[in-house]
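Below is one structure; the comments refer to it alone.
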Amino acid sequence: MHDLEIWNHFIEEDVLPQRNELIKSLHTYYVQHKKQITTQLVPLFDQFCEKAQLQQQEGKLMKCAYLHLSLLRTSLNEGKPVYMLEASDRDTESKVQLTPFHYDAGWIYGFADAWDQACEEKRRRYLNRIHRHSFEVWKARQLYPFHIYMVHAVRYAMDTIRQLVSFQNLEKDSAFEVRVGQFRDPEVSESVYRVNERQRSSITCKGWLENKSDQEYIYEHIAKVNLSRGYYEGVDLSYARFEEVTLTGSHFGGSRMLGTRFERCVCDQADFRESLLVDTDFRDCDLTSARFDHVLGIRDMAAEAHGLVFGLNGVLFQQANLTFASFQGARIAGDFTGAQLEGTNFTGADLTGSRMLERDAASVTLTKEQRGTMIWVGETLHE
């Protein structure tokens with residue numbers, strides 16, 4: 001084989017399959033330990049926000065526009081997988097600001113190191129036809145599937161972080177974000193929490209969404225507007241956050257809602273049929289007579305070409321009102337604990353891995369097969 005053929009064979013047959021196996025292991029580790037990881041992150045953010053408040057009082061930091069948790073590549077190259085917290089306002093956004101607030105992400109990059117070691121064993125079998133330096137240069141650009149678990153961890157922890165007094169007391173710009181990425185590399189930076197105080201009016205926001213612009217709604221914060229009976233089919237709302245929004249009778253059929261959050265929203269009679277609802281959050285929402293027929297919202301969906309696994313939390317319906325909602329033909333791993341399930345239609349639904357309270361077992365109409373794929377939770381375990 002020519003050198004290029006050997007390289008391609010090494011990558012496709014040895015490197016990428018090994019990566020995918022370790023990503024699956026990392027995925028499993030994260031899902032099992034995400035609460036423990038949150039208990040590590042929250043005190044760090046608390047201490048940092050207190051420090052940022054002091055900087056604001058001293059006039060060194062204006063209204064905060066960004067909190068960044070950034071991977072320090074230099075430290076990573078030295079075998080220390082460290083992320084650093086920094087704050088910036090509009091004026092200091094482009095300035096380098098080193099801080100002592102570091103988070104050790106060894107639990108992530110231990111899997112990356114294991115991948116490297118496994119690949120090195122494979123590489124040696126090619127009898128110097130593949131140079132170590134060439135592989136290291138290639139691998140340095142392939143860390144995103146590992147790094148994304150830091151994004152997942154902070155996004156999950158934000159439920160607790162945003163309740164901190166120190167976080168709430170931090171003076172924030174009208175457009176404020178928490179981002180996770182690589183230090184001074186805006187291309188590898190992802191929003192995990194956004195607040196936009198400059199909200200559109202209901203009419204303007206409805207027209208904006210009905211325009212169905214590509215990529216325009218991802219990560220957006222939409223709050224306190226009435227978007228009832230809108231036609232939003234096929235839009236990509238991944239990681240958008242709807243806060244106290246009225247969506248009565250709106251049409252979202254065929255939409256993409258990866259990690260989308262609906263906080264205290266009114267979604268009665270809304271139509272979500274055939275949408276992608278991976279890790280979508282409907283906790284505490286009114287979903288009376290909503291349609292979820294043929295949606296896809298399962299856990300652990302692997303996109304092996306990219307080394308990514310989607311579906312970490314399942315679709316969250318805790319405390320939601322699902323009276324007369326329909327899930328006919330859906331494939332969904334939903335957490336229905338504490339939800340109102342009177343008249344909810346699960347005909348033909350694959351509910352593998354879904355959670356319900358034991359007290360609801362007698363009142364929900366399910367087949368024997370469906371019941372066998374569920375996780376039944378006692379009141380004491382209800383979260």
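See the values below:
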{"quantity": "ASP14 over 28 Å from THR160 (Cα atoms) and assigned to a loop (DSSP other than H, G, I, E, B)", "calculated": "no"}
{"quantity": "Only one of TYR193, TYR231, TYR219, TYR239 that is on the phi > 0 side of the Ramachandran plot and in contact with a strand residue (DSSP E or B) (Cβ under 6 Å, 6 or more places away or on another chain)", "calculated": "TYR219"}
{"quantity": "Residue pairs meeting the criteria (Cβ under 9 Å; at least 6 apart or on separate chains; first of a type in the set (Asp, Glu), in segment 147-167; second part of a helix (DSSP H, G or I))", "calculated": "ASP159/THR38"}
{"quantity": "Residue list for segment 205-217, restricted to those being surrounded by fewer than 18 Cβ atoms within 10 Å (Cβ to Cβ), closer than 20 Å to PHE262 by Cβ and not charged (D, E, K, R)", "calculated": "TRP208"}
{"quantity": "Residue within segment 253-264 that is crowded, with 19+ Cβ neighbours inside 10 Å, out of contact with any strand residue (DSSP E or B) (no Cβ under 6 Å at 6 or more places or on another chain), closer than 22 Å to ARG371 by Cβ and outside the structural domain of LYS24 (by TED's automatic domain parsing) present", "calculated": "no"}
{"quantity": "Any chance LYS51 is at pLDDT 95 or above, surrounded by fewer than 19 Cβ atoms within 10 Å (Cβ to Cβ), assigned by TED's automatic domain parsing to the domain that holds ARG179 and over 26 Å from the mean Cα position of the chain (by Cα)", "calculated": "yes"}
{"quantity": "Hits in segment 14-35 (condition: of a type outside the set (Val, Ile, Thr), closer than 13 Å to GLY311 by Cα and touching a Leu at 6+ places or on another chain (Cβ under 8 Å))", "calculated": "HIS27, TYR30"}
{"quantity": "Lone qualifier among ASP113, ASP159 - being out of contact with any helix residue (DSSP H, G or I) (no Cβ under 6 Å at 6 or more places or on another chain), more than 30 Å from ARG241 (Cα to Cα) and in a helix (DSSP H, G or I)", "calculated": "ASP113"}
{"quantity": "Enumeration of residues in segment 328-339 that are closer than 21 Å to ASN313 by Cβ and not aliphatic (A, V, I, L, M)", "calculated": "ARG331, GLY334, ASP335, PHE336, THR337, GLY338"}
{"quantity": "Checking SER25 against (1) assigned to a helix (DSSP H, G or I); (2) farther than 30 Å from ASP300 by Cα; (3) in contact (Cβ under 8 Å) with a residue 40 or more places away in the chain, the condition it does not meet", "calculated": "(2)"}
{"quantity": "Out of GLU171, GLU190, GLU136, sole residue that is exposed (fewer than 15 other Cβ atoms within 10 Å of the Cβ) and closer than 26 Å to HIS306 by Cα", "calculated": "GLU136"}
{"quantity": "HIS147 part of a helix (DSSP H, G or I), touching a Lys or Arg at 6+ places or on another chain (Cβ under 9 Å) and not small (Gly, Ala, Ser)", "calculated": "no"}
{"quantity": "Identity of the residue in segment 178-232, of a type in the set (D, E, K, R) and either touching a Lys or Arg at 6+ places or on another chain (Cβ under 8 Å) or part of a strand (DSSP E or B) (or both), that ends up farthest from TYR103 (Cα to Cα)", "calculated": "GLU220"}
{"quantity": "Condition check for ALA112: among the small types (Gly, Ala, Ser) and under 24 Å from VAL31 (Cβ atoms)", "calculated": "yes"}
{"quantity": "Leading residue by the ranking (nearest to ILE375 (Cα to Cα)) among those in segment 335-363 that are charged (D, E, K, R) and in contact with an Asp or Glu (Cβ under 8 Å, 6 or more places away or on another chain)", "calculated": "ARG355"}
{"quantity": "Candidate set: segment 90-110, residues that are within 25 Å of the chain's Cα centre (by Cα) and part of a loop (DSSP other than H, G, I, E, B); chosen: the one surrounded by the fewest Cβ atoms within 10 Å (Cβ to Cβ)", "calculated": "GLU93"}
{"quantity": "Lone qualifier among GLY79, GLY106 - being touching a residue at least 12 places away in the same chain (Cβ under 8 Å) and farther than 17 Å from ARG155 by Cα", "calculated": "GLY106"}
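The values are calculated or read from the model by the stated rules, or taken from the named source; none is laboratory data. Since this is a predicted model, take the numbers as computed values, not measurements. Please note: Cβ atoms are built from the backbone with ideal geometry, for glycine as well, and neighbour counts cover all protein chains shown.
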